[in-house]
1. So how long is each side of the stretch B:2-70 along the principal axes, counting just the alpha-carbon atoms, biggest first, in Å?
2. Mind giving me the FRET efficiency for A:His50 and A:Glu29? R0 is 22 Å, r the Cβ-Cβ distance, nearest 0.05 is fine.
3. Would you work out which of A:Val64, A:Val54, A:Thr37 lies farthest towards the positive end of the dipole of the stretch A:34-74? Charges go on Cβ: Lys and Arg +1, Asp and Glu -1.
4. Select the chain A residue whose beta carbon lies nearest to the rotation axis carrying chain A onto chain B, and write the distance in whole Å.
5. Which order, highest average first, do B:11-20, B:48-57 follow once you tally other Cβ atoms within 10 Å for each residue and take the mean per peptide?
6. What are the distances, in nm and sorted shortest first, from the label point of B:Arg18 to the label points of the same position in each other copy, with each label point placed 7 Å from Cα along the Cα-to-Cβ direction?
7. If we hang a label 7 Å off Cα along the beta carbon direction at A:Lys38, how far is it from the matching labels on the other copies, in nm, shortest first?
8. At 7 angstrom along the Cα-to-beta-carbon line, where would the label on A:Thr70 sit relative to the other copies? Give the distances in nm, shortest first.
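Just so it is clear, none of the values below were taken in a lab; they were calculated from the coordinates. Here the structure is a predicted model, which means the values were calculated and not measured. Glycine also receives a Cβ, built like all others from the backbone with ideal geometry; neighbour counts cover every protein chain displayed.
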Protein chains: 2
Amino acid sequence: MNESFKALADPTRRQIIRLLREKDRTAGEIADYFQMTKPSISHHLSALKHAGLVQDERKGQFIVYSLDTTVLEEVLGWFLELTGAGKNSEAEPTAAGDPPRRKLQSDKEEL
Amino acid sequence: MNESFKALADPTRRQIIRLLREKDRTAGEIADYFQMTKPSISHHLSALKHAGLVQDERKGQFIVYSLDTTVLEEVLGWFLELTGAGKNSEAEPTAAGDPPRRKLQSDKEEL
DNA sequence: TCGATATTTAAATAATTATCTAAATATATA
DNA sequence: TATATATTTAGATAATTATTTAAATATCGA
């Protein structure tokens, strides 16, 4: 999930996602929307793929990219949980002067 | 909005948001949840504040941080639009061999 | 098989971000 | 007012990320 958030932090990559929401596109078609070189776009596509946000499939000379909404919906879930728009999840609210329940051992632990 | 996405790209900052969802907390209380130094946490809080995700208010010696869900809901909206969970928005789908409608002039344009 | 097209990978560099220690600022309290 | 506590700011460095040019790989079509 961290990879997904990191992938979404870049405006170029978010725009690529929007382009792929409309329809599947080849790497070259995607690159045509930006001022960046093709290798740069390829790098961004690689980041999106690594995050599980897009899939690619070679079709002859071309490589066609498509959106994978599965992970995107996981991230959506993170927001829904947070904004309370989804469910009323909030296990045992902490009281005013309570000590912290635990100290995180790692930045990576639990999102 | 780009600032928000960038702010959310860091796991420490996401955890801070979760902590503030439970209740308002002082900078020191927040720092106690992490292994990082206080200045580092202060830096993360500053990033969250700059993104409009949290607010701060001095209370005597302390500075109390609280969640501002407004921007968070904007970001949520971005996902809803994308996953189609919200509305059926998708103005004029492009046909298979169509040329790009326009070339983006800047990476920052439109998310 | 050869040349053209599509795309990625490699290597280098530039830019950004995270983190620390030390110092500065603000408030409270003795 | 002096001292302690809470927090931020400054300055330095390390780590990560973005970008480019050049080279490599894969496929197509003559």
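1. Here the spans come out as 33, 26, 19 Å, largest first.
2. Details: r = 21 Å, r/R0 = 0.94.
Result of the calculation: an efficiency of 0.60.
3. Result: A:Thr37.
4. Nearest Cβ to the rotation axis, residue and whole-Å distance: A:Ala9, 2.
5. Details: B:11-20: 21.0, B:48-57: 18.1.
Top to bottom by mean Cβ count within 10 Å: B:11-20, B:48-57.
6. 3.0
7. 5.5
8. So the distances to the same position in the other copies read 3.9 nm.
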